[in-house]
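Peer 1: Take this structure, written in structure tokens, and hold onto it; I'll ask about it next.
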Amino acid sequence: MATKVYKALADPTRRKILQLLREREMNAGELADHFEYTKPTLSRHFSVLQEADLIQGTRQGNYIVYRLNVTVLEETIWAMLDMFGLDPRGNHEK
């Protein structure tokens with residue numbers, strides 16, 4: 001799972017999608033308004049983010065509404081801090 005999360009976070013477009021979803025839930029069209037990519041390209045980005053469980057999509061009528069899965073993002077951040085011996089409070093292990 002961690003490999004999929006790191007792969008998803010490695011792309012600047014996917015990071016931007018996560019930033020947008022941090023503000024509020026959005027459907028694919030609303031997200032697409034922020035990019036100059038084709039729908040298939042954005043769809044692939046959404047798929048990578050969903051495979052990593054960083055976002056979840058729910059069908060609402062003719063739309064899929066995406067929301068950020070904060071839990072997975074938080075767990076990844078904590079794991080990375082731990083991996084590098086960093087303390088979020090500023091204390092560093094020696």
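Peer 1: Under the rule of -39500 (n - 2.57) per DSSP H run of 4 or more residues, summed and divided by the residues of the chain, what mean residue ellipticity at 222 nm is obtained, to the nearest 500 deg cm²/dmol?
Peer 2: Dividing the helical sum by the residues of the chain leaves -16500 deg cm²/dmol.
Peer 1: Further question on the same structure: Pull up the DSSP beta bridges for the chain and report the antiparallel fraction as a percent, rounded to 5.
Peer 2: Approximately 100 percent, going by the DSSP bridge assignments.
Peer 1: Enter the angle in degrees (range 0 to 90, nearest 10) between the Cα long axis of helix 12-23 and the first principal axis of the Cα atoms of the chain, meaning the one along which they spread out most.
Peer 2: In the chain, helix 12-23 runs at an angle near 90 degrees to the longest axis.
Peer 1: Can you work out the PRE-style zone for Val70? Point 7 Å along Cα to Cβ, and I want the residues of the range 1-39 with backbone N under 13 Å.
Peer 2: Only 21-25 fall inside the zone, counting backbone N under 13 Å.
Peer 1: Continuing with this model, one more query. Could you list the trypsin sites (Lys or Arg not before Pro) in the range 1-35 that lie in coil according to DSSP, counting only those with at most 11 other Cβ atoms within 10 Å of their Cβ?
Peer 2: Arg24
Peer 1: Which label belongs to the value computed from this structure, given these candidates for Kirkwood radius over Cα pairs in Å: (1) 12.7; (2) 13.2; (3) 14.2?
Peer 2: Given (1) 12.7; (2) 13.2; (3) 14.2, the calculated one carries the label (3).
Peer 1: Considering only protein heavy atoms and a 1.4 Å probe, what is the carbon-and-sulfur percentage of the accessible area of the chain?
Peer 2: 50 percent
Peer 1: For the range 1-67, which GluC sites (Glu not before Pro) pass both filters: DSSP loop (anything but H, G, I, E, B) and at most 16 other C-beta atoms within 10 Å?
Peer 2: In loop regions of the range 1-67 (DSSP not H, G, I, E or B), the sparsely surrounded GluC sites (Glu not before Pro) are Glu25, Glu36.
Peer 1: Which loop chymotrypsin sites (Phe, Trp or Tyr not before Pro) in the chain, with loop taken from DSSP, have no more than 10 other Cβ atoms within 10 angstrom of their Cβ?
Peer 2: Passing both the DSSP loop test and the Cβ count: Phe84.
Peer 1: Using a 1.4 angstrom probe, figure out how much accessible area the chain has per residue, in square angstrom, rounded to the nearest whole.
Peer 2: 70 Å²
Peer 1: Counting pairs on different chains as well as pairs 8 or more places apart, how many Lys pairs in the chain have Cα atoms under 25 Å apart?
Peer 2: 5
The values are calculated or read from the model by the stated rules, or taken from the named source; none is laboratory data. Since the structure is predicted, the reported quantities are computational estimates derived from the model, not experimental observations. Reconstructed Cβ throughout: ideal geometry from the backbone, glycine too, with neighbour counts over all protein chains shown. With ligands, DNA and RNA removed, areas are computed over all heavy atoms of the protein, side chains included. Shrake-Rupley method; radii C 1.70, N 1.55, O 1.52, S 1.80 Å.
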